[in-house]
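Report on the following structure.
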Amino acid sequence: MRWDWYQRGEYGTELLGDVAGRTVVEVGAGAGTQAAYVAQELAPARVTAIDSSPTQHARAHPTRRPH
């Protein structure tokens, strides 16, 4: 089974199931693009994206930068 954010004909975010009211955590999130997609499309209560690289933090959209 392959999970592909771009949903090229195989499994995608539907593997997460119903996340309404839940917290979704992405570890190794890079610039947070996938976490932002999950927040927008699946509407969980909260999304936390974690990445240890300051370079990735700098690449993130200003509304998705560390607090």
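Readers should treat all values here as calculations from the given coordinates under stated rules, not as data from a laboratory. Values in this document were obtained by computation on a predicted structure and should not be read as measured data.
A few remarks follow.
- Over region 16-64, relative contact order from alpha-carbon pairs under 8 Å, at least 6 apart, %: 44 percent
- Over region 16-64: Kirkwood hydrodynamic radius from C-alpha pairwise inverse distances, Å: 11.0 Å
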